[in-house]
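Engineer: If you scroll down you'll find the structure; I have some questions about it.
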Amino acid sequence: MKENMLDVLMYLFENYMDEGPEFSPDQETLLAELYQAGFPRGEIKKAFSWLEGLSSLRDQGVDTPSAAKASSLRCYSAAEQKKISLPARGFIQFLEQSEVLDSLTRELVIDRVMALETEEIGLEQVKWVILMVLFNQPGHEQAYAWMEDLIFDGTQEHLH
């Protein structure tokens, strides 16, 4: 089975998200554990880099021009359109219109999707990226809980 960086990220998220902030193993220990679980070292290191990028964006409080107005419509670049499937882009827009994502978290999601080394990202993969972004954003606990239910329970609740 060919594992990729997103598989590593999903494994980390599924297995360690409940550990909370007190969980902080060093990267070498985690790398060894993931390698023993069957993930290639190169993909593990890419996943660590991806997570560092997410953390860096959160710490910087990224403010992009397209994140300036909540009522703005996001136009995707040609590269984004090629990489992010139409259903995935539609889902991102739905979540923004439903106020699960705001313009800043939308941009963080798009940034992290574009950082994945995969030619095309489908809807299920985007859902995982959204979940990881929301998990790492203070103040988005309700949106995170909704996405968590959507992914793990496979049920979609009505948004209010």
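The values are calculated or read from the model by the stated rules, or taken from the named source; none is laboratory data. The shown structure was predicted, so the numbers you read here are calculated from the model rather than taken from an experiment. All Cβ positions, even for glycine, are placed from backbone atoms using ideal geometry, and neighbour counts span all protein chains on display.
Engineer: Looking only at region 86-109, count every residue that is buried (at least 17 other Cβ atoms within 10 Å of the Cβ), closer than 16 Å to residue 122 by Cβ and either aliphatic (A, V, I, L, M) or touching a strand residue (DSSP E or B) at 6+ places or on another chain (Cβ under 7 Å) (or both) and tell me the total.
Structural biologist: 4
Engineer: Can you tell me which residues in region 130-145 are buried (at least 17 other Cβ atoms within 10 Å of the Cβ), assigned to a helix (DSSP H, G or I) and either without any contact (Cβ under 8 Å) to a residue 60 or more places away in the chain or at positive phi (or both)?
Structural biologist: Selection gives 130, 134, 143, 144.
Engineer: A follow-up question, please. Looking at (1) in a helix (DSSP H, G or I); (2) at pLDDT 90 or above; (3) closer than 19 Å to residue 116 by Cα, which is the one condition that is false for residue 76?
Structural biologist: The single condition residue 76 does not satisfy is (1).
Engineer: Residue 90 versus (1) touching a residue at least 40 places away in the same chain (Cβ under 8 Å); (2) more than 14 Å from the chain's Cα centre (by Cα): which is the lone unmet condition?
Structural biologist: Answer for residue 90: the failing condition is (1).
Engineer: Since residue 67 meets every condition but one in (1) at pLDDT below 85; (2) out of contact with any helix residue (DSSP H, G or I) (no Cβ under 6 Å at 6 or more places or on another chain), which condition does it not meet?
Structural biologist: Against the list (1) at pLDDT below 85; (2) out of contact with any helix residue (DSSP H, G or I) (no Cβ under 6 Å at 6 or more places or on another chain), residue 67 comes up short only on (2).
Engineer: Would you be able to say whether some residue in region 115-123 is at pLDDT below 95, part of a helix (DSSP H, G or I) and among the acidic types (Asp, Glu)?
Structural biologist: no
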